[in-house]
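Structure first, commentary second.
The values are calculated or read from the model by the stated rules, or taken from the named source; none is laboratory data. Owing to the predicted nature of the structure, the values given are computational and were not obtained by experimental measurement. FYI the Cβ positions are ideal-geometry reconstructions off the backbone, even for glycines, and counts take in every protein chain you see.
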Amino acid sequence: MGSFDMIQNPSKLSLFFSRLTNKINKKFKIVLALLLFVTLGIFLYNAYQRAYKPYLYDKDNYYYKAYHYSVKKIIPQRKVVKDIEIEVLHFGKDDFPDDLSAYKVGHYIDKGIDPRRLFLHITFTDNTNMTLPFGQVTSTENHYEEYQNYFDHKVFEVGPGFDKEWFSNAENYRQIIQRFPGLHDKTMDADFELYLRDFLFLIVPGDTLYQTGAVKEGVSKYHFQLKNPKSGKMQSYFIYGNEGKIPLWDWQTPFVTFDKDFANKERIQEFFDDYEIREYGNYWNGIYHIQFPHLNSFRGDKYNFYKMAFYSDEFTNFPLSLDLTGKSENFKITITDSYLQEESRTAKNQIHYLKYSTSKTYDASNKEAYINDILNHYHNLQN
């Protein structure tokens, strides 16, 4: 009867279909909302997984989470020299002293990298210390451009060393040797080549060493910790780049990654273990195609040396240059001769030595002896 009435009464039929359509529309909207909600949920979950678990989607790299990640803009540091000591290592048995009773006994480890014969030890006026092995810096003359460009980038942007631009400059050398009248002027030689040690023997208290290289361009310091997979200990690392602060929209968890084509788990463990061994000193110098977080636009990112991971924030993490702010009348330097006697060797080609040392200090009172005994003859020392 009801259905017949609706047929006889078009308005009732219209009302019926209107109500039916409304019900269908409501259900469709609910289903659509649910679909949108599910889609959004899947999208957010996928985004979360990619941000916090990117290793699930990337099969080409090993991932290690970086903890306590922070970024800080830095400026170059300057330090004034207070005390200077140059240590000369003697490895040969021929010149080993007969009487060692007056010698100071210590230890030295040769890690089999490069033979180190000369070390510069400096105490600054802020009572901090620095020790660096002497290196060689040649003038830009007589070198192919390709080698020179490689030499510049490889040595003088990040990492311990001395700035080529200053320490290979003949005019700077002419200025610094004026502190020592009677010293042979190498810049007058026909085949002139400056060596870094030519300068370092001429530093006096009051001179200023300052950071240069990449730090001149306002880089940032990235500090984070990684967990050693074997020991479980947290290890601190410092890297340098010019990306600045992490953008607000960059909410991804920072990871350090190793390319599987170049590094297996054994090699990666070597990276972590070097934190205690420190084969090259205060930084990791291996090349296992490591990608550090938030450095995609890092200046020089394609060069491996830029990716040095430092173990502590040191003055020597950048190359050093020199300001001649000291006065020649304040000249004072200690020359230490250390004679090495082999004790033992390790499986990693490390040689442990007993070190017997004797020192002599030169100042204004015996400056002439320093010129004659050291400066005019030190070229005979093997670097």
Quiz item: Just to be sure, is S359 surrounded by 15 or more Cβ atoms within 10 Å (Cβ to Cβ) and farther than 30 Å from L226 by Cβ?
Solution: no
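For residues that are more than 17 Å from Q211 (Cβ to Cβ) and surrounded by 13 or more Cβ atoms within 10 Å (Cβ to Cβ), scanning just segment 119-135, find the one that is modelled with the highest pLDDT. Walk me through it before giving the result.
Restricting attention to segment 119-135, the residues satisfying the condition of being more than 17 Å from Q211 (Cβ to Cβ) are 119, 121, 123, 127, 133-134.
Next cut, surrounded by 13 or more Cβ atoms within 10 Å (Cβ to Cβ) only: 119, 121, 123, 133-134.
Numbers: F119: 87, H121: 94, T123: 97, P133: 81, F134: 75.
The extreme case among them is T123.
Every residue, every condition in (1) of a type in the set (A, V, I, L, M, F, W, C); (2) farther than 18 Å from T131 by Cβ; (3) modelled with pLDDT under 85; (4) not in a helix (DSSP H, G or I), yes or no:
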residue: Y306; (1), (2), (3), (4): no, yes, yes, no
residue: L322; (1), (2), (3), (4): yes, no, no, yes
residue: I335; (1), (2), (3), (4): yes, no, no, yes
residue: L340; (1), (2), (3), (4): yes, no, no, yes
residue: S359; (1), (2), (3), (4): no, no, no, yes
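Conditions (1) touching a residue at least 60 places away in the same chain (Cβ under 8 Å); (2) among the hydrophobic types (A, V, I, L, M, F, W, C); (3) under 30 Å from L354 (Cβ atoms); (4) not assigned by TED's automatic domain parsing to the domain that holds E279, marked per residue:
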| site | (1), (2), (3), (4) |
| --- | --- |
| S70 | yes, no, no, no |
| V81 | yes, yes, no, no |
| S101 | no, no, yes, no |
| G106 | yes, no, yes, no |
| I122 | yes, yes, yes, no |
| N127 | no, no, yes, no |
Practice problem: For segment 289-300, state whether one or more residues are among the β-branched types (V, I, T) and at pLDDT below 85. | Solution: yes
